[in-house]
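Below: one structure, written as structure tokens.
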Amino acid sequence: MPNEVYDVTIIGGGPIGLFSAFYSGLRSMKTKIIDAEPDVGGKVRYFFPEKIIRDIGGIPAITGANLVANLKEQAETFHPTIVCNERVVDVTKLTDGVFQLISHNGSIHFSKTVVIATGSGTFEVNKLEALHVDDFPLAINYDVKNLEQFRDKIVAVSGGGNSAIDWAQTLEPIAKKVHLIYRGEDFKAHEESVRELKNSRVEIHIHHEIKELIGANNQLASINICCNQTQITKTIETEALFINHGVKVDLGRMAEWGFELADFGIVVDDEMKTTVPGIFACGDSATYSRKIRIIAAGLHEGPIAINSAKKYLEPTARDEAMISTHHESFIG
């Protein structure tokens, strides 16, 4: 029903939005998820379907694709309404206190509360800038859907963060040779990952940047990389590139919705409340003192946001849903 009013609408169907939808079901809240992409899963589905994720308690290792599949199955426990291919461009609080959400295509949604779980906003990767980069589109990768296509190939990863290091280590047992190219020196990654990288067979080129791609007939053969300290250029054989230069942060129209913004996110308090009553934020959308931007932290923030939404709707409701291993067994 087009004019149906939901208890909570979660903007963003990534891992945090999906888990928040499951938790809102525990709180008996009528729930809707709206996501701008063709399917739920967020950046994990788009960029890291085959990447091994290790920073969630109780899950030693899981691929991004399997994590999203599990979260989607969990979210569907209480049958939320899921709307994809719609980017929310405007949120207005009506005179009766209900929020009106308008999508880019003109669709209108109504909700008593809103939880923003859009991550850093729409994701647009920072593209590689180098000579002849447009001549080898099939050799340049910003995400990976099938690792096997790189078996026994020589590959190069560009970047110095967790994603770049994770890809280098993931590719090492598959590829014939892995190069890691980083313009800096101090990797922006977990210390243990850096230690493992330095003890691996990955060849590391610090203080270097990719300057030129070389090959023929759309087949990449090598790249020229330049040291930004000595200006000396060297050529390394390469058949495929993995670019991890980050993404452009764009909160879109949300910046106009009246929130206080800082550090690429929406400022929230310890209850995930934004400066707009009735709207909450969690995951990478939210920022506060000592924020940790990992999935596990967002999985904690989502239920806090939902509990706050529940109290906003029902001030006498319990502060939180305390559950055992089965969703129908409540404690307390």
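The values are calculated or read from the model by the stated rules, or taken from the named source; none is laboratory data. What you see is a predicted model; the values in this text were computed from it and never measured. Here Cβ is always computed from backbone atoms with ideal geometry, including for glycine, and neighbour counts include all displayed protein chains. The area values use the complete protein model at the heavy-atom level, side chains included, leaving out ligands, DNA and RNA. Shrake-Rupley method; radii C 1.70, N 1.55, O 1.52, S 1.80 Å.
Our summary gives the stretch 1-144 a relative contact order of 31 percent, counting only alpha carbon pairs under 8 angstrom and 6 or more residues apart.
3J(HN,Hα) along the stretch 54-64: 10, 9, 10, x, x, 10, x, 6, 7, 6, x Hz, from the Karplus curve 6.51 cos²θ - 1.76 cosθ + 1.60 with θ = phi - 60°, whole Hz, x for Gly and Pro. Computed from phi, the 3J(HN,Hα) profile of the stretch 43-51 under the Karplus parametrisation 6.51, -1.76, 1.60 (θ = phi - 60°) reads 5, 5, 5, 7, 9, 10, x, 9, 6 Hz, with x in place of Gly and Pro.
Averaged over its residues, the stretch 179-244 has an accessible area of 58 Å² per residue, based on protein heavy atoms and a 1.4 Å probe.
Taken about its Cα centre, the chain carries a charge dipole of about 200 debye when Lys and Arg each add +1 at the Cβ and Asp and Glu each add -1 at the Cβ. Mean sequence separation of contacting Cα pairs (under 8 Å, at least six apart), scaled by the length of the chain, corresponds to a relative contact order of 19 percent.
Close amide-amide hydrogen proximity is noted between Ile10 and Lys32, Ile33, Ile34, Val115, each under 5 Å apart and 5 or more residues distant or on a separate chain (H modeled in the peptide plane; Pro and chain starts excluded).
3J(HN,Hα) along the stretch 128-133: 5, 10, 7, 5, 6, 5 Hz, from the Karplus curve 6.51 cos²θ - 1.76 cosθ + 1.60 with θ = phi - 60°, whole Hz, x for Gly and Pro. Here, P(r) means the percent of Cα pairs in each 10 Å bin from 0 to the largest distance; for the stretch 34-138 it is 12, 31, 31, 19, 7, 1.
Of the labelled figures [x] 0.95; [y] 1.01; [z] 1.11, only one reflects Cα Rg over 2.2 N^0.38 Å as derived from the coordinates, namely [z]. Suppose we keep just the DSSP beta bridges with both residues in the chain; what percent of those would be antiparallel, to 5? Counting DSSP beta bridges with both partners in the chain, the antiparallel share is about 45 percent.
If you take every DSSP beta bridge whose two residues both sit in the stretch 1-109, what share of them, in percent to the nearest 5, is antiparallel?
Antiparallel bridges make up about 60 percent of those DSSP assigns within the stretch 1-109.
A cut-off of 5 Å between modelled amide H atoms, ignoring neighbours fewer than 5 places along the same chain, links Gly41 with Gly13, Gly14.
Could you calculate the FRET efficiency of Leu94 with Arg293 from 1/(1 + (r/R0)^6), where r is the beta carbon distance between them and R0 is 35 Å, rounded to 0.05? Kindly include the intermediate steps, with their values, before the conclusion.
Values: r = 34 Å, r/R0 = 0.96.
Efficiency computed from Cβ-Cβ geometry: 0.55.
Share of carbon and sulfur in the accessible area of the chain stands at 50%, probe radius 1.4 Å. The H on the amide N of Gly265, modeled in the peptide plane, is under 5 Å from the matching H of no residue at least 5 residues off or on a different chain. Note on Lys198: lysines with a C-alpha under 19 Å away, same-chain residues under 8 apart excluded, are Lys176, Lys177, Lys188. Using the beta-carbon distance between Thr235 and Glu124 and R0 = 30 Å, what value does 1/(1 + (r/R0)^6) give for FRET efficiency, to the nearest 0.05? The value I calculate is 0.50. Given R0 = 45 Å, the distance between the Cβ atoms of Ile59 and Glu256 translates into a calculated FRET efficiency of 0.75.
Charges at C-beta only: +1 for Lys and Arg, -1 for Asp and Glu. How large is the resulting dipole of the stretch 22-119 about its Cα centre, in Debye rounded to 20? Present the calculation step by step, with values, prior to reporting the outcome.
Values: 11 positive and 10 negative charges, 45 e Å.
Dipole magnitude for the stretch 22-119 comes out near 220 debye.
Between Lys188 and His79, the simple label model (points 7 Å from Cα in the Cβ direction) yields a spacing of 4.5 nm. In percent, rounded to a whole number, the relative contact order of the stretch 189-277 is 14, using alpha-carbon pairs under 8 Å and six or more apart. In straight Cα distance, which lysines are under 17 Å from Lys145, not counting same-chain residues fewer than 8 positions off? Qualifying lysines at Cα under 17 Å: Lys43, Lys51, Lys153.
Please give the contour-minus-distance gain from Ile108 to Ala69: 0.36 nm per residue of separation, less the Cα-Cα distance, rounded to one decimal in nm.
11.2 nm
Calculated from DSSP H runs of 4 or more alone, at -39500 (n - 2.57) each and per residue, what is the 222 nm mean residue ellipticity of the chain, nearest 500? Intermediate results must be reported in sequence, preceding the final value.
Details: 6 runs with 67 residues, N = 332.
Dividing the helical sum by the residues of the chain leaves -6000 deg cm²/dmol.
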